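A short reminder: the numbers here are calculations on the coordinates, not readings from a lab. Since this is a predicted model, take the numbers as computed values, not measurements. As a convention, Cβ positions derive from the backbone with ideal geometry for all residues, glycine included, and neighbour counts pool all protein chains shown.
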Amino acid sequence: SDMSVGTTANMKLGEFKVHKTEGNARRATLMTAHGPVQTPVFMAVGTKATVKAMTPEELKDCGTQVVLGNTYHLHLRPGEKTIKKMGGLHKFMNWHGPILTDSGGFQVFSLSNLRKMSEEGVEFRSHLDGAKYFISPEKSMEIQMDLGSDIIMAFDECLQYPATDAEIEKSMALTYRWLLRSKAAMTRKESLLFGIVQGGLSLEHRLKSLEQVTSVDLPGYALGGFSVGEPIHLMHELLPNVAPKMPAHKPRYLMGVGTPTDLIIAIDAGIDMFDCVIPTRVARNGTIYTWQGKVSIKRTEYREDDSALDPECDCYTCKNYSKAYLRHLFLSGEILGSRLNTIHNIHFYMKLMEKAREAIAEGRWAQFRDDCLTRFVKKSK
Ligand SMILES: Nc1nc2c(CCNCC3CCCC3)c3[nH]c(NCCc4ccccc4)nc3cc2c(=O)[nH]1
Ligand SMILES: [Zn+2]
């Protein structure tokens, strides 16, 4: 499995070692201050210093390697200065593996009632109590460094969809200037700064932003501006024309993506890292991902169904509970229902990535890709 690619001993901080490729897909290892990350990797979203409904031990048991923190939320509550005083985010949330934090820009645009944008940064009111805040590239770096993040995202502007060519050009130019300020302000040597490529859904602008952002020497690069309301096929069509053009020996992170099908398509295009709230969010709403497609646990047909969520899954939930019981918990609004469904969905996503890593390492990625796409796009029940 993951050790088939040999040892990660004597890898330097930030080193990205590509062990095997098959087409654009690659099996690699990224070394962080909190240990190696085996890629392709799905990273669990822990917005408010917790991956909702799961303990760190359960995350580890499901194969989680990296947890995401949220600069915007943690800045508002409890504040990065408090978390720093408590020993940093790893100690605060008792997660001692790698942590990646987003830079907060995307969250400001999607959560707060924005007050005003300027060259300097973004002024906004908190979605919690309406208090006024200001985030800039410098402030975002300060917050992420105070949190003790292993992978820090540059402060960018994520354009909504649709956007005109003029809006795209203006925004990606600002994102580039903010990247230079982010790099100048990120002085924490244990942290890896990733740049973010924008450019909307336009290949021409994507390649221009790619050229600008990758002209800045950084340990990794992300694709932002996707999964922002565009028809998903547009992203599927653009990825194979953009991802392979990103630096081959640096990690490629597709932000905010996605469903199991999205992950398979993106790995095939050359993406290494992913994050999305889908597996945790839809679990709490009773939607379960399985190797036979999606299951909606509330369906009446499961009322007396004694079988596991997924006969092909070996997670704690599938080994110990029936669909009937999980349907009962969901309909009763029981907290245990959220916990058990989340454990399964996170385990499924992590197992999907583990199988993808093994398939690439063993030269059978094309077969695995096609098998997954057949399984996942089958109608859901
Ligand atoms: N800096 C930055 N972040 C982006 C993010 C946030 C990624 N998760 C961050 C975690 C850190 C903590 C919180 C999240 C994105 N998320 C999405 N789509 C999510 C779409 C989605 C929403 C709800 C359900 C399913 C899909 N597109 C994104 C684009 C950008 C971007 O350009 N720049
Ligand atoms: Zn399971």
Review point. Looking at the chain, what % of its DSSP beta bridges pair antiparallel, to the nearest 5?
Key: 50
Practice item. Check the straight Cα-Cα distances from Lys294 and name the lysines below 25 Å, setting aside those fewer than 8 residues away within the same chain. Key: Lys52, Lys60, Lys319, Lys323, Lys351, Lys355, Lys378, Lys379, Lys381
Review point. Amide H of Leu192: which non-local residues (sequence gap of 5 or more, or other chain) have their own amide H closer than 5 Å, using H built in the peptide plane?
Key: Ile151, Ile152
Review point. For the Cα atoms of the chain, what angle does the longest principal axis make with the long axis of helix 165-185, in degrees from 0 to 90, nearest 10?
Key: 80
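Quick one: how many lysine pairs in the stretch 159-256 have C-alpha atoms under 21 angstrom apart, if they're 8 or more apart or on different chains? Display every interim value, and only then the final one.
Working: Lys170/Lys183; Lys170/Lys208; Lys183/Lys208; Lys183/Lys250; Lys189/Lys250; Lys208/Lys245; Lys208/Lys250.
Count of close lysine pairs: 7.
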Check your understanding: Going by how many other beta carbons lie within 10 Å of each one, how would you line up Thr39, Thr300, Thr55, fewest first?
Key -> Thr300, Thr55, Thr39
Review point. Relative to the Cα centre, what is the charge dipole magnitude of the chain, using +1 at the beta carbon of each Lys and Arg, -1 at the beta carbon of each Asp and Glu, and rounding to the nearest 20 debye?
Key: 560
Review point. Relative to the longest principal axis of the chain, what angle (0 to 90°, nearest 10) does the C-alpha long axis of helix 365-377 take?
Key: 70
Practice item. Can you grab the distance from the C-alpha centre of the stretch 8-82 to the C-alpha centre of the stretch 253-296, Å, no decimals? Key: 16
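Please rank Lys351, Lys319, fewest neighbouring Cβ atoms within 10 Å first, as an exposure proxy.
On the way: Lys351 19, Lys319 9.
The fewest-first ordering by Cβ neighbours comes to Lys319, Lys351.
What size of dipole, in debye to the nearest 20, comes out for the stretch 35-177 about its Cα centre when the only charges are +1 on Lys and Arg C-beta atoms and -1 on Asp and Glu C-beta atoms? Please report the intermediate quantities before stating the final value.
Working: 15 positive and 18 negative charges, 116 e Å.
Dipole size: approximately 560 debye.
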Point to revise | Ranked list, fewest to most other Cβ atoms within 10 Å of each Cβ, for Tyr161, Tyr321 | key: Tyr161, Tyr321
Review point. Given H placed on each backbone N at 1.01 Å, which residues far from Cys276 in sequence or on other chains put an amide H within less than 5 Å of it?
Key: Met43, Val45
Practice item. Return, in residue-number order, each cysteine of the chain whose C-beta is not under 4.7 Å from any other cysteine's C-beta. Key: Cys62, Cys158, Cys276, Cys315, Cys372
Practice item. Note the angle between two axes, namely the Cα long axis of helix 232-242 and the longest principal axis of the Cα atoms of the chain, as a number of degrees from 0 to 90, rounded to the nearest 10. Key: 60
Revision key, fill the gap. Residue-ordered couplings for the stretch 215-229, obtained by feeding phi - 60° into the Karplus form 6.51 cos²θ - 1.76 cosθ + 1.60 and rounding to whole Hz (Gly and Pro as x), are 6, 8, 6, 9, x, x, 9, 10, 9, x, x, 10, 6, 10, x
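Any idea what the dipole of the stretch 272-381 comes to, in debye rounded to 20, about its Cα centre with Lys/Arg Cβ at +1 and Asp/Glu Cβ at -1?
Working: 19 positive and 15 negative charges, 87 e Å.
Result for the stretch 272-381 is approximately 420 debye, rounded to the nearest 20.
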